[in-house]
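Peer 1: Dropping a structure here in structure tokens format, bear with me for questions.
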Amino acid sequence: MIRKKSFYGIAVSLVLAFILLVFPGFKNSANVAGNDTASIDKKVNEILSKMTPEEKVGQMTQVTLAVVSKGPVMNPTMPQQIDLSKLKDAILKYHVGSILNVINHAYTRDHWYQIQEQIQSVASESRLRIPILFGIDAIHGVNYTLGATLFPQEIGMTATWNPSLVEKNAAITAYETRASAIPWVFSPVLGLGRQPAWPRFYETLGEDVFLAKTMGSAIIKGYQGNNISSKYKVASCMKHYMGYSFPLTGKDRTPAWIPEVYLRNYFLPPFEAAVKAGSPTLMINSSIVNGIPVHASHHILTDILRNELHFKGVAVSDWADIEKLYKTYHYASSEKEAVKIAVMAGVDMSMVPYDFSFEKYLTELVKEGQVPMWRINQAVRRILKVKLELGLFDHPFYPEKDYPDFASVASQKENLLSAEESVTLLKNQNNVLPLPKKNIKILVTGFGANSMETLNGGWSYNWQGTQTDKFDKGKNTILKAIQEKIGKENVLYSDGTLFNKSINDQQTLKMAQQADYIVLCLGEMAYAETPGNINDLYLPDNQAKFAKELAETGKPVILVLTEGRPRLISKFAGRMKGIVMAYLPGNQGGNAIANILFGDVNPSGKLPFTYPKYPNSLETYDYSYAEQDEHDYNPQFPFGFGLSYTSFSFSNLKLSADTISGNQKLTISVDVKNTGKREGKEVVQLYIGDLYASIIPPVRQLKGFDKIDLHPGETKTVNFFIDKQDLSFVNANLKRVTEPGTFKITIANLTSNFFVK
């Protein structure tokens with residue numbers, strides 16, 4: 001979609017040219033970018049040698065946009081305006097190196113350009129003319145830019161089990177982020193989703209290590225390509241390193257107790273893969289692991305991250321987490337001591353975020369000799385390197401006209417495809433789905449039926465996602481998409497219930513008598529982080545009651561779930577004829593759900609987590625032999641599960657050898673046939689279990705997958721390649737080993753064993 005250029009957009013392009021002409025310091029002080037490591041290192045050293053201690057400490061300081069704004073920054077109807085006096089103080093007096101995000105707003109691209117032009121213009125007036133690194137929480141698209149493409153949240157993208165699709169989506173997000181004049185995204189989230197009550201569960205890539213590693217690497221590749229200095233690419237930020245996603249209570253920013261052997265086997269590998277994928281920045285876990293706030297953990301931030309993983313990029317704190325060492329966690333005795341502890345532990349940049357206290361305390365600590373200059377130089381070198389790699393010295397941002405494909409038709413099609421592939425069919429009793437399109441009356445009901453908020457969730461236009469219905473008026477809710485599909489005259493509608501309060505359920509039950517089918521849309525309201533904490537994983541009682549009442553009408557009820565975590569449905573799931581898990585499918589979610597319900601698209605999503613049945617049975621699929629009793633893993637729906645409108649058979653499981661040793665690879669092949677009557681996509685999942693190990697092994701773990709498309713009657717052979725490293729684990733001595741012994745392969749209903757010498 002070619003966007004008409006506004007007068008302001010033209011003005012910004014002219015101002016950008018003016019900045020580089022009148023203030024050539026950006027370009028002249030750098031003139032290197034991307035992958036030229038030797039030149040970048042030389043330039044970093046050159047700049048660093050000219051910096052004062054105050055300028056260095058300033059580079060390590062990150063504040064929120066509100067600090068340099070004027071007016072009612074919390075008012076979502078009024079875009080923040082830069083206060084030039086405050087901005088000059090931040091950059092010219094305090095030498096701030098980074099600014100982030102907005103408060104409760106979403107902006108037009110023109111407004112983003114106005115903001116960036118002002119910020120970088122002031123930066124070009126500074127003594128060394130070092131550009132500002134601006135970062136944004138682009139969680140599922142550029143969610144603070146109006147009109148941007150909002151994809152399914154990460155948990156839904158993982159349900160596609162399609163890394164190439166995930167990579168394409170990330171590439172579109174990178175393009176649209178740069179089109180908003182922003183070069184840095186705080187994504188992907190790499191914490192494993194193994195605590196389903198956690199309110200950030202939907203930001204994860206599921207419960208499995210291999211799946212998270214694969215999808216996380218694909219996101220990073222999509223964001224960055226081969227060169228982050230490209231005008232179409234951004235720097236990624238892997239987060240939240242590490243253990244944040246597994247709080248003991250299930251509530252956000254509460255302590256995790258994770259034995260190090262478990263931490264290394266499950267929570268470290270996705271970050272290790274992200275380092276290898278080239279992510280240049282990392283955000284730190286806000287919370288506490290084993291009694292130590294991660295922002296204070298030299299062991300996690302230096303011993304493991306730097307010395308073992310060899311991460312060379314920037315480690316940035318999360319929101320106000322250094323001051324929390326003193327104010328919240330009672331770990332440091334003062335804010336100044338908190339700064340010292342965090343910096344010496346390995347924090348390179350402090351998301352302060354509301355003042356310049358970090359700069360003040362760290363400058364004092366340096367002058368007092370409590371924080372050595374080598375540590376400051378180390379952190380600043382990393383920050384400058386990222387700025388040079390991004391090409392910010394040459395181009396702090398690019399002209400708005402360079403991005404004609406922002407929110408293009410092609411991007412929307414890709415978004416729809418992603419949402420369609422994420423939607424997971426969990427129950428289809430007597431083939432109630434797909435629904436017929438003719439001679440039919442459908443009652444669409446439930447609080448999520450006519451809401452964009454429930455399709456997008458948090459981090460959508462504002463932090464909590466509560467403004468989504470306002471900003472996405474032109475998009476189809478589930479109700480509107482169904483009306484378009486079969487005609488408004490064939491659709492009855494009543495909300496029937498609010499999230500946690502019944503309102504007109506009796507009226508809705510009367511309407512149900514006129515319907516042939518009922519599409520019941522339940523789940524969660526939008527939330528992000530701590531405001532999403534819950535005390536009960538069950539759906540609210542009024543929703544369960546409403547579902548039961550509708551089932552008692554005798555009409556077939558198809559339950560559509562739009563939720564960020566697996567809210568328990570065991571009280572009424574047995575009465576539903578069909579169950580569709582939509583996760584948080586983004587602003588094409590309504591269309592995707594309708595396409596699945598009516599069979600225009602064959603569902604192919606698979607659960608990236610175990611859907612529990614009871615609140616005290618939250619086991620993951622990779623349970624150990626100590627939990628092998630069938631009653632211990634009895635979820636509502638298992639990990640990797642998802643139905644199709646066709647059927648598949650697996651046969652001819654073959655291994656290239658029955659024994660491997662040394663560096664030998666094992667080839668595993670299987671034939672998959674579409675035995676149904678329509679084309680469909682199937683995810684071939686390879687599981688391997690170690691029969692005996694020095695630490696009780698999981699019965700099975702995912703070690704490979706491949707999503708394939710098959711026509712009716714078509715057969716494809718899928719190959720997997722396994723080596724000893726794929727079979728390794730961290731033992732009780734915290735060493736990664738592959739122990740000899742027998743391993744069991746499982747693909748669908750087929751099994752075979754092989755031996756490792």
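Peer 1: Looking at Ser333, is it touching a strand residue (DSSP E or B) at 6+ places or on another chain (Cβ under 8 Å) and hydroxyl-bearing (Ser, Thr, Tyr)?
Peer 2: Here the answer is no, as Ser333 does not meet what is asked.
Peer 1: Filtering the range 505-523 down to residues that are open to solvent by 20 Å² or more (accessible area, probe 1.4 Å) and of a type in the set (A, V, I, L, M), which residue is farthest from Tyr614 (Cα to Cα)?
Peer 2: Going through the qualifying residues, I end up with Met511.
Peer 1: Now for a different question. Go through the range 227-252 and count every residue that is more than 30 Å from Thr37 (Cα to Cα) and in contact with a helix residue (DSSP H, G or I) (Cβ under 6 Å, 6 or more places away or on another chain).
Peer 2: Number of matching residues: 2.
Peer 1: Among (1) open to solvent by 10 Å² or more (accessible area, probe 1.4 Å); (2) within 21 Å of Gly496 (Cβ to Cβ); (3) in a helix (DSSP H, G or I), there is one condition Ala526 misses while meeting the rest; what is its number?
Peer 2: (3)
Peer 1: Of all residues in the range 337-384, which are in contact (Cβ under 8 Å) with a residue 40 or more places away in the chain and polar (S, T, N, Q)?
Peer 2: Selection gives Ser350, Thr363, Asn377.
Peer 1: State whether one or more residues within the range 255-277 are in a loop (DSSP other than H, G, I, E, B) and more than 29 Å from Pro697 (Cα to Cα).
Peer 2: No, every residue in the range 255-277 fails to be in a loop (DSSP other than H, G, I, E, B) and more than 29 Å from Pro697 (Cα to Cα).
Peer 1: Sticking with this one: Go through the range 142-183 and count every residue that is within 22 Å of Ser604 (Cβ to Cβ) and buried (at least 24 other Cβ atoms within 10 Å of the Cβ).
Peer 2: Selection size over the range 142-183: 18.
Peer 1: Can you find even one residue in the range 712-724 that is within 32 Å of the chain's Cα centre (by Cα), outside any strand (DSSP E or B) and closer than 28 Å to Leu309 by Cβ?
Peer 2: Yes; the residues of the range 712-724 include at least one that is within 32 Å of the chain's Cα centre (by Cα), outside any strand (DSSP E or B) and closer than 28 Å to Leu309 by Cβ.
Peer 1: Output the number of the condition that Ser617 fails; it satisfies all remaining conditions of (1) modelled with pLDDT of 95 or more; (2) over 21 Å from Tyr493 (Cβ atoms); (3) small (Gly, Ala, Ser).
Peer 2: All conditions are met except number (1).
Peer 1: Quick one: in the range 661-695, which of the residues that are open to solvent by 40 Å² or more (accessible area, probe 1.4 Å) and β-branched (Val, Ile, Thr) is nearest to Tyr623 (Cα to Cα)?
Peer 2: Ile695
Peer 1: Tell me which of these Ser502 doesn't satisfy, since it passes every other one: (1) among the small types (Gly, Ala, Ser); (2) within 26 Å of Asn595 (Cβ to Cβ); (3) open to solvent by 40 Å² or more (accessible area, probe 1.4 Å).
Peer 2: Unmet for Ser502, out of (1) among the small types (Gly, Ala, Ser); (2) within 26 Å of Asn595 (Cβ to Cβ); (3) open to solvent by 40 Å² or more (accessible area, probe 1.4 Å): (2).
Peer 1: Tell me, yes or no, whether the range 523-535 has at least one residue that is closer than 16 Å to Leu597 by Cβ and modelled with pLDDT of 95 or more.
Peer 2: Within the range 523-535, one or more residues are closer than 16 Å to Leu597 by Cβ and modelled with pLDDT of 95 or more.
Peer 1: Sticking with this one: Taking the range 301-336 as the search range and keeping residues that are without any contact (Cβ under 8 Å) to a residue 12 or more places away in the chain and assigned to a helix (DSSP H, G or I), which one is farthest from Glu368 (Cα to Cα)?
Peer 2: Glu308
Peer 1: Go through the range 326-377 residue by residue and tally those that are within 22 Å of Val63 (Cβ to Cβ), surrounded by fewer than 16 Cβ atoms within 10 Å (Cβ to Cβ) and aliphatic (A, V, I, L, M).
Peer 2: 0
Peer 1: Sticking with this one: Looking at Asn500, Asn462, Asn430, can you tell me which residue is among the polar types (S, T, N, Q), more than 18 Å from Phe546 (Cα to Cα) and modelled with pLDDT under 95?
Peer 2: When all the criteria are applied, what remains is Asn462.
Peer 1: Let me ask another. Being open to solvent by less than 10 Å² (accessible area, probe 1.4 Å), closer than 27 Å to Thr620 by Cβ and in contact with a His (Cβ under 9 Å, 6 or more places away or on another chain) narrows it down to one residue among Ser287, Ser317; which is it?
Peer 2: Residue meeting the stated conditions: Ser287.
Peer 1: Take residues that are open to solvent by less than 10 Å² (accessible area, probe 1.4 Å) and tell me which of the helices (runs of 4 or more DSSP H) falling wholly in the range 42-136 contain 2 or more.
Peer 2: Counting at least 2 such residues, we get 53-59, 109-123.
Peer 1: Which members of the range 614-660 meet the condition of being basic (Lys, Arg) and either in contact with a helix residue (DSSP H, G or I) (Cβ under 9 Å, 6 or more places away or on another chain) or surrounded by 18 or more Cβ atoms within 10 Å (Cβ to Cβ) (or both)?
Peer 2: Within the range 614-660, no residue meets the criteria.
Peer 1: Right, next: Scan the range 562-580 for residues that are more than 18 Å from the chain's Cα centre (by Cα) and within 15 Å of Gly605 (Cβ to Cβ) and jot them down.
Peer 2: Of everything in the range 562-580, those that are more than 18 Å from the chain's Cα centre (by Cα) and within 15 Å of Gly605 (Cβ to Cβ) turn out to be Gly578, Ile579, Val580.
Peer 1: I've got another one for you. Just one of the numbered conditions (1) open to solvent by 60 Å² or more (accessible area, probe 1.4 Å); (2) modelled with pLDDT of 95 or more; (3) not in a strand (DSSP E or B) is not true of Tyr493; which one?
Peer 2: (3)
Peer 1: Tell me which residues, restricted to the range 346-366, are assigned to a helix (DSSP H, G or I), over 11 Å from Ile322 (Cα atoms) and not acidic (Asp, Glu).
Peer 2: Lys360, Tyr361, Leu362, Thr363, Leu365, Val366
Peer 1: Same structure, new question: Take the range 651-676 and flag every residue that is among the small types (Gly, Ala, Ser), under 35 Å from the mean Cα position of the chain (by Cα) and not in a loop (DSSP other than H, G, I, E, B).
Peer 2: Ser669, the sole residue that qualifies.
Peer 1: Ok, one more. Being under 30 Å from Gly496 (Cβ atoms), of a type in the set (A, V, I, L, M) and in a helix (DSSP H, G or I) is the requirement here; does Leu435 meet it?
Peer 2: no
Peer 1: What pairs can you find where one residue is in the range 240-259 and among the aromatic types (Phe, Trp, Tyr), the other is in a strand (DSSP E or B) and open to solvent by less than 50 Å² (accessible area, probe 1.4 Å), and their Cβ atoms are less than 8 Å apart, with a gap of 6+ or different chains?
Peer 2: Every condition considered, the pairs that remain are Tyr241/Leu282; Tyr241/Met283; Tyr241/Ile284; Tyr241/Ala315; Tyr244/Ala256; Phe246/Ala256; Trp257/Val289.
Peer 1: When you go through Lys480, Lys470 one by one, which is the residue that is open to solvent by 20 Å² or more (accessible area, probe 1.4 Å), touching a residue at least 12 places away in the same chain (Cβ under 8 Å) and either closer than 27 Å to Lys545 by Cα or within 29 Å of the chain's Cα centre (by Cα) (or both)?
Peer 2: Result of the check over Lys480, Lys470: Lys480.
Peer 1: Moving on to the next point. Need the failing condition index for Glu420 against (1) open to solvent by 40 Å² or more (accessible area, probe 1.4 Å); (2) of a type in the set (Asp, Glu); (3) closer than 30 Å to Val557 by Cβ, just the number.
Peer 2: (1)
Peer 1: Related question: For the range 314-330, how many residues are more than 13 Å from Lys239 (Cα to Cα) and either touching a helix residue (DSSP H, G or I) at 6+ places or on another chain (Cβ under 6 Å) or polar (S, T, N, Q) (or both)?
Peer 2: Of the residues in that region, 6 qualify.
Peer 1: Which residue pairs have Cβ atoms closer than 7 Å, lie 6 or more positions apart in sequence or on different chains, and pair a first residue in the range 652-678 that is touching a residue at least 60 places away in the same chain (Cβ under 8 Å) and closer than 18 Å to Lys716 by Cβ with a second residue that is part of a loop (DSSP other than H, G, I, E, B) and open to solvent by less than 40 Å² (accessible area, probe 1.4 Å)?
Peer 2: Cβ pairs passing all conditions: Arg678/Asn602; Arg678/Tyr645; Arg678/Thr646.
Peer 1: In the list Asn591, Asn602, Asn587, which residue meets the criterion of being of a type outside the set (D, E, K, R) and within 17 Å of the chain's Cα centre (by Cα)?
Peer 2: Among Asn591, Asn602, Asn587, only Asn587 is of a type outside the set (D, E, K, R) and within 17 Å of the chain's Cα centre (by Cα).
The values are calculated or read from the model by the stated rules, or taken from the named source; none is laboratory data. Since this is a predicted model, take the numbers as computed values, not measurements. As a convention, Cβ positions derive from the backbone with ideal geometry for all residues, glycine included, and neighbour counts pool all protein chains shown. Note: accessible area is taken over every heavy atom of the protein model, side chains too, but ligands, DNA and RNA are not part of it. Shrake-Rupley method; radii C 1.70, N 1.55, O 1.52, S 1.80 Å.
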